[in-house]
Amino acid sequence: MKTHIILVDSFAEYLKTIKRTKSISTYKNTLMVLNKLKLIEQKLAKPFLIPIQKGSSIAELKRHEAFWKKFEKHLKTHFLKHNYLDSYIKFIYKIINAFLSWVIHVKYYKIIGFQSLFKVKLKYNPIITLNESKWFELLHCEQNLIMNPDQVKTKDLFLFGCITGLRYSDLSNLNNNNLEIHNENTVYLIKISQKTQTTTSLKLPPIALEIIKKYKCSKNKLLPYPSLNHFNLRLKELGETLGWTYEVGKTRYKNEKSVDVKTKTGKRYRFCDLLSSHIMRKTAITTMLLNGMPEHLVRQISGHSPNSSEFYRYVNYYQSFIDDHTDLIFEKILNK
């Protein structure tokens, strides 16, 4: 009867199931964690052997807890040496916890003593979205600027993402089957999220329909979304062309302390430097909320569950919006 399992071997087996059942990005992230575990083992010159629970004595529980605390200590030493941000550490821990859950619920090994570990008190980073003035600039930039075809395409794809609020993986996999056409002006975008398996249904506004008609891709692809890295690079170039070059800085956390992250050249980040595909989703959700759409409907469109706390990581209430509502509240109070 087994008394332990080899962590790296089991993790490699878990990785194979990820490849069959999860998205490519999830597979790559899990592979990244496996490679880090292998690297730590190589430096220690010995494998991690996960103990399997045999009894229920306090002494056995303490032995298991001692193993996991030592394992976590090795991880933290590696993180400290490589100067990882808190958000990245939490991301790695999330993958490790998913692996341990798989060991328990799929492989049916009894492992204990780790439940209080692999946690990071994460302070969320400032949310970057497009405000109304930037929306206006984006909509009319072709009229006001000289843009090459590649910049125009990037602008159109960015706009479509800011309208629909879909994840990039879902956007790049859209095809004509995702359209439900009632008539020329009433078209719905229907999508089952790769990540959450949640179905979203969104009536597309005229500008989104114009973008679809403009590119007329093959039946296997609704719009010409490139690779994620290529798109993010083009977005930053587009932001620079639009003049979104003012400094905003990039705040992240290390050991629960705020740090101002600099570029490779030692400069502070500009707004255009922070543009990425994920800003489209955050912009769409924030725009819907700011313009009066009830939160439960926004959650339904974005694919967030009613009790999802991560929803608010996508919301950026502009200061002017907060100021206006604050004024209204105190005006009511003072006039009573």
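Within segment 15-38, the set of residues being closer than 15 Å to ILE96 by Cα and hydrophobic (A, V, I, L, M, F, W, C) comprises LEU15, ILE18, LEU31, MET32, VAL33, LEU34, LEU37. Of the helices (runs of 4 or more DSSP H) contained entirely in segment 1-108, those carrying at least 3 residues that are of a type in the set (A, V, I, L, M), surrounded by fewer than 18 Cβ atoms within 10 Å (Cβ to Cβ) and under 26 Å from the mean Cα position of the chain (by Cα) fall at 24-44. For segment 217-228, does any single residue satisfy the condition of being touching a strand residue (DSSP E or B) at 6+ places or on another chain (Cβ under 9 Å) and surrounded by fewer than 15 Cβ atoms within 10 Å (Cβ to Cβ)? Within segment 217-228 (the criterion being touching a strand residue (DSSP E or B) at 6+ places or on another chain (Cβ under 9 Å) and surrounded by fewer than 15 Cβ atoms within 10 Å (Cβ to Cβ)), the answer is no, since none of the residues qualifies.
For segment 275-302, taking the residues that are touching a residue at least 40 places away in the same chain (Cβ under 8 Å) and in a loop (DSSP other than H, G, I, E, B), the one that is nearest to SER201 (Cα to Cα) is identified as SER276.
Can you run down the residue pairs with Cβ atoms below 9 Å, 6 or more apart or on separate chains, where the first is in segment 116-128 and under 17 Å from TYR269 (Cβ atoms) and surrounded by 11 or more Cβ atoms within 10 Å (Cβ to Cβ) and the partner is of a type in the set (Gly, Ala, Ser) and modelled with pLDDT of 70 or more? If the second residue must be of a type in the set (Gly, Ala, Ser) and modelled with pLDDT of 70 or more, the pairs left are ASN125/SER87; PRO126/GLY249; ILE128/SER276. The set of residues in segment 68-98 that are among the acidic types (Asp, Glu) and within 16 Å of VAL261 (Cβ to Cβ) contains only ASP86.
Looking across segment 37-53, just one residue is in contact (Cβ under 8 Å) with a residue 40 or more places away in the chain and more than 12 Å from ILE6 (Cα to Cα), and that is GLN53.
The values are calculated or read from the model by the stated rules, or taken from the named source; none is laboratory data. As the structure is a computational prediction, the values presented were derived from the model and not from experiment. Because the Cβ atoms are built from the backbone with ideal geometry, glycine has one as well, and the counts that use them run over all protein chains shown.
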